[in-house]
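Here's the structure, in structure tokens; my notes come after.
Derivation of every value follows stated rules applied to the coordinates shown; laboratory data play no part. Please read all numbers here as calculations on a predicted model, not as lab measurements. Because the Cβ atoms are built from the backbone with ideal geometry, glycine has one as well, and the counts that use them run over all protein chains shown.
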Amino acid sequence: MKNTPSKNTVFFPDTQGNSLCAILSEPKENELSPIVILCHGFTTSKDSTKNQTFEKLFNACNIATIRIDFFGHGESDGNFEEITLSKAKDDILSTIQDLTKIGYTKIGLVGSSFGGMSSILACAQTDALCCLALTSPVSNYHDKHLQDYTKQELLDWKNKGYIIYENGKGEKMRLNYTFFLDAIINDGYVSAKDIKVPTLIVHGEKDTVVPIEQSRKLVTLLQAGKLIEVSGEGHKYKTPENFEKMIDLIFQFTKERLLNL
């Protein structure tokens, strides 16, 4: 009979005293397994389909997971409009710190899109991780902003102090200009040079949200990086077989590195 994972909603503070919410799922009662931190994309949450799929797969092979809500997302404190890469990076580092305090020693990090960029930044500032796996990550938000907005739109963002951001579901929300400024000083290409752990990047070849050229550049800067391009796929992995391929690539890579240490 397989053990049923113990799943708990947990709250813990970031360095600014904001409460972060996460789902901690531990397959072995009273025993610390390897664990994977799962980081969602922009405007989504810990409960994304991707994260819940990873949770089931990892738990089934006795690897614990923690699905976190970034600042201003899901059940964590904060207003979305105040999110920055620095805050998201801090959320991941706070999670790592709390896990190591509990006693976890084998920790993997999986991040998607915005969560991928935040994971790059965090991984460069800690020695506590065993591996890093990224799905269609942003590597440089400043380049993305210059691609996505006209000069006039960027000027309006600066003058107003915020922009109306529309996510993939058509939901509109304010995003402060501090996000733009913070993205200038948080460059994934710079951080990549400080990442020592094995790193896998999976990126759709036809991604128009985050151009694959960013990952092609990123992998050349990593000390132990590998990029797998998914032919014909976009940012959302809407093709079922490509979604399954992406999930399996990330899962197998992370599992092998956590269980074979």
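To make sure I understand, if each residue's beta carbon is the centre and we count other beta carbons within 10 Å, what order do Phe58, Phe70, Phe12 fall in, fewest to most?
Phe12, Phe58, Phe70
Roughly what would the spin-label model give for Lys151 and Asp194, points 7 Å off Cα along C-beta, in nm?
Placing both labels 7 Å along Cα→Cβ, they lie 3.4 nm apart.
For n ≥ 4 DSSP H runs only, could you compute -39500 (n - 2.57) per run for the chain, divide by its residues and tell me the 222 nm figure to the nearest 500?
Roughly -12000 deg cm²/dmol at 222 nm, from the helical runs in the chain.
Indicate, rounded to the nearest 5 percent, the antiparallel portion of the DSSP beta bridges found entirely in segment 1-140.
Antiparallel: roughly 45 percent of the beta bridges in segment 1-140.
Where the only charges are on Cβ atoms (+1 Lys, Arg; -1 Asp, Glu), what is the dipole of segment 42-188 about its Cα centre, to the nearest 20 debye?
Dipole magnitude for segment 42-188 comes out near 240 debye.
Run the numbers for Lys206 and Asn167: contour at 0.36 nm per residue of separation, minus the present Cα-Cα distance, in nm. Write down the numbers at each step before the final one.
Details: separation 39, 0.36 × 39 = 14.04 nm, distance 1.88 nm.
This chain segment gains 12.2 nm when fully extended.
At 0.36 nm per residue, minus the direct Cα-Cα distance, what do Asn8 and Ala60 gain on full extension? Give it in nm, one decimal, please.
Extending this stretch completely gives an extra 17.0 nm.
What is the magnitude of the charge dipole of the chain about its Cα centre, with +1 placed on the Cβ of each Lys and Arg, -1 on the Cβ of each Asp and Glu, and no other charges, expressed in debye to the nearest 20?
Rounded to the nearest 20 debye, it is 380 debye.
Please give the contour-minus-distance gain from Asn260 to Lys160: 0.36 nm per residue of separation, less the Cα-Cα distance, rounded to one decimal in nm. Mind showing how you got there, number by number?
Values: separation 100, 0.36 × 100 = 36.00 nm, distance 5.19 nm.
Contour length minus the Cα-Cα distance gives 30.8 nm.
When the chain is modelled as a GNM with alpha-carbon springs shorter than 10 Å, which of Asp207, Asp148, Asp90 fluctuates the most?
Result for the chain, Cα springs under 10 Å: Asp148 fluctuates most.
Going by how many other beta carbons lie within 10 Å of each one, how would you line up Leu57, Leu258, Leu154, fewest first?
Leu154, Leu57, Leu258
Over segment 85-132, what number does the Rg to Rh ratio reach, with both radii from the alpha-carbon atoms and Rh per Kirkwood?
0.94
Which of Lys50/Lys226; Lys144/Lys226; Lys7/Lys89; Lys169/Lys236; Lys89/Lys193 have a Cα-Cα distance over 19 Å?
From Lys50/Lys226; Lys144/Lys226; Lys7/Lys89; Lys169/Lys236; Lys89/Lys193, over 19 Å: Lys50/Lys226; Lys144/Lys226; Lys7/Lys89.
When the Kirkwood radius is taken over all Cα pairs of the chain, what Stokes-Einstein diffusion coefficient follows at 4 °C and 1.567 mPa s, in µm²/s?
70 µm²/s
Quick check on the chain: of the DSSP beta bridges with both residues there, what percent are antiparallel, nearest 5%?
Around 40 percent antiparallel, to the nearest 5.
Which of these, Ser19, Ser119, Ser231, has the largest mean-square fluctuation under a Gaussian network model of the chain (Cα springs below 10 Å)?
Ser231
State, to one decimal in nm, how far the label point of Thr239 lies from the label point of Thr105, with both points 7 Å from Cα in the Cβ direction.
4.3 nm
By its C-alpha gyration tensor, with a ≥ b ≥ c as the square roots of the eigenvalues, how is segment 205-261 shaped: rounded for a/c under 1.5, else prolate for a/b larger than b/c, else oblate?
Values: a/c = 3.27, a/b = 1.22, b/c = 2.67.
It is oblate, given that a/c is not under 1.5 and a/b is not larger than b/c.
Express in whole angstrom the spacing between the alpha-carbon centres of segment 49-101 and segment 134-166.
24 Å
Give me Thr9, Thr126 sorted ascending by neighbouring Cβ count inside 10 Å, so fewest comes first.
By the 10 Å Cβ count, ascending: Thr9, Thr126.
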